[in-house]
Amino acid sequence: MAGNEAGALSGLKVVEIAQGWAGPLASVLLADFGADVVKVESIQRLDWWRGAAAGADDGFTHERSWFYNGINRNKSGITLDLTQPRGRELLLDLVRGADVFIENFTSHVVHQLRLSHEDLMAVNPRLITVSMPAYGSDGAWADLPALGTTVESMCGLQSLTGYEGGPPRIQGTSWDPVIGLHAAFAILAAMNRRRATGLGQHIEVSHIEAGTQLVAGPLLEYLLAGRVPPRRGNSDRTYAPHGCYPAEGDDQWVTIVARNDAEWAALGRVLDPEGALQRPEFLTVESRLEHRPELDDALLRLTSRHSKEHLFERLQAAGVPCGPVSSPADLLADPQLAARDFFVPMERAFVGMHLYTGSWIRMGRNSARFERPAPTLGQDNEAILAGRLGLSSAELAELAAAGIIGTRPVPAQADRQASGTETGRQS
């Protein structure tokens with residue numbers, strides 16, 4: 001996926017102290033296109049996503065987290081204990097030469113560390129700082145920690161998700177990427193503005209505010225009609241059929257949608273040579289919506305006779321929206337993704353060679369590059385602290401002895417963090 005020229009963001013310097021998914025996603029998008037991103041952790045408080053690794057702990061389980069490794073590629077990684085004056089001082093030295101600073105902690109954590117926007121601007125007026133508080137930096141909830149799943153529920157998404165008559169359902173995947181993408185866009189906008197003014201600025205991306213746009217339709221329905229949409233499972237209020245139907249084989253499924261009578265007729269020509277679907281109650285969209293249970297029952301009897309690949313090819317050829325329900329194993333073998341070289345092989349210490357998802361953004365001359373895997377803990381301490389900040393070997397040794405830097409987690413803190421009790425933990 002390497003382009004013919006330098007990365008589109010080559011020369012941009014980013015310092016990240018973010019954890020989890022939202023903040024690291026914003027910075028990895030920049031890194032993929034050439035930005036120089038330095039990720040800062042501490043041996044006392046690792047990125048909490050390192051704790052998602054499974055398996056017996058031989059002292060290096062934190063290096064095997066597929067979540068962490070997948071979202072932190074193309075970054076350098078150092079450790080600094082920011083609660084110690086010398087650690088904070090070294091971070092500020094990095095910030096002096098940076099363009100962007102990214103964090104996603106609760107506001108009180110940033111202020112306790114004296115790393116607010118005002119603190120950072122005092123050493124670098126051109127700096128663009130990014131905060132991602134779950135509920136914003138003011139108001140009664142400003143200092144409450146959160147995870148993407150809890151914010152989902154508070155934004156209304158979970159109340160709309162689930163089967164008809166059943167309880168709400170946790171999505172668990174939608175929020176953090178939305179916030180990270182918004183932050184990346186805001187950084188580029190602020191960079192463009194800095195060209196005119198020469199000054200940086202603070203960007204705040206609130207999870208609860210950015211995420212609420214995903215329920216814009218139901219919000220408008222309530223405002224205009226005073227009606228809260230019910231949970232519908234896989235069904236749709238305007239299309240029928242609309243759902244996942246069994247295909248041939250164990251736990252094989254296909255998604256089929258017929259948006260109008262023409263697509264329904266095309267579906268019938270492909271699946272129904274015997275006319276089982278040609279019932280009066282299925283002839284119009286309105287009637288199919290009214291008789292959805294009978295429709296779904298009749299349709300699944302037909303789809304279960306064919307493989308999902310066969311259904312996908314035949315129905316798409318007939319103009320009917322259809323897609324196989326793919327597992328992770330299916331994705332790795334997907335011929336379309338393979339033809340586009342979407343999965344990128346990358347070797348990393350402690351886990352070996354694996355395929356990682358590539359960039360979904362293609363640029364003709366400045367495509368994303370995948371030049372290094374996610375850093376191991378403190379991997380670039382010497383390269384950054386000595387090579388960039390000019391520290392001597394003796395100074396590095398002193399920092400290590402004081403616990404300000406290191407390459408192994410402090411066990412007590414690592415255990416506490418893995419249990420999900422880390423103060424200020426946020427998506």
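Values in this text are rule-based calculations from the coordinates and carry no lab data. Not measured: the values here are computed from a predicted model. Every residue, glycine as well, gets a Cβ built from its backbone with ideal geometry; the counts of neighbours run over all protein chains shown.
Which cross-chain or sequence-distant (5 or more) residues have an amide H under 5 Å from the amide H of residue 75, H modelled 1.01 Å from N in plane?
none
Could you rank the peptides 148-160, 286-298, 323-335 by their average count of other C-beta atoms within 10 Å per residue, with the highest value first?
Result, highest mean first: 148-160, 286-298, 323-335.
Any idea what angle helix 216-225 forms with the longest principal axis of the chain, computed on alpha-carbon atoms, 0 to 90 degrees, nearest 10?
For helix 216-225, the angle is close to 60 degrees.
Which label belongs to the value computed from this structure, given these candidates for Cα Rg over 2.2 N^0.38 Å: (i) 1.15; (ii) 0.92; (iii) 1.01?
Calculated Cα Rg over 2.2 N^0.38 Å: the matching label is (i).
Just subtract the alpha-carbon distance of residue 272 and residue 355 from 0.36 nm times their residue separation and send over the number in nm, one decimal.
25.8 nm
At 222 nm, what helix-only mean residue ellipticity would the chain give, in deg cm²/dmol to the nearest 500, using -39500 (n - 2.57) for each DSSP H run of four or more?
Only helices count here, giving -10000 deg cm²/dmol.
What distance in nm separates the simple spin-label points at residue 140 and residue 222, each placed 7 Å from Cα in the Cβ direction?
Placing both labels 7 Å along Cα→Cβ, they lie 1.7 nm apart.
Using the per-residue mean of other Cβ atoms lying within 10 Å as a proxy for protection, in what order, highest first, do the peptides 358-369, 112-123, 189-200 fall?
Values: 358-369: 14.7, 112-123: 16.8, 189-200: 12.8.
Packing proxy ranking, top to bottom: 112-123, 358-369, 189-200.
Output needed: percent of Cα pairs per 5 Å distance bin for segment 50-97, bins running from 0 to the one holding the longest distance.
Using 5 Å bins, I get a P(r) of 5, 18, 18, 16, 16, 17, 8, 2, 0 for segment 50-97.
Helix 308-317 versus the longest principal axis of the chain: what is the Cα-based angle in degrees, 0 to 90, to the nearest 10?
Helix 308-317 sits roughly 70 degrees off the main axis of the chain.
With axes computed from alpha carbons, what is the tilt in degrees of helix 175-197 against the longest principal axis of the chain, rounded to the nearest 10 within 0 to 90?
50
Per the Cauchy relation, a quarter of the hull surface: what is the mean projected area of the convex hull of the alpha carbons in segment 253-324, in nm²?
Projected area, direction-averaged: 4.1 nm².
Hey, can you rank 336-345, 90-99, 70-79, 208-217 by average C-beta count inside 10 Å, highest first? Display every interim value, and only then the final one.
Numbers: 336-345: 12.2, 90-99: 19.6, 70-79: 23.5, 208-217: 16.6.
Those peptides, ordered most packed to least, come out 70-79, 90-99, 208-217, 336-345.
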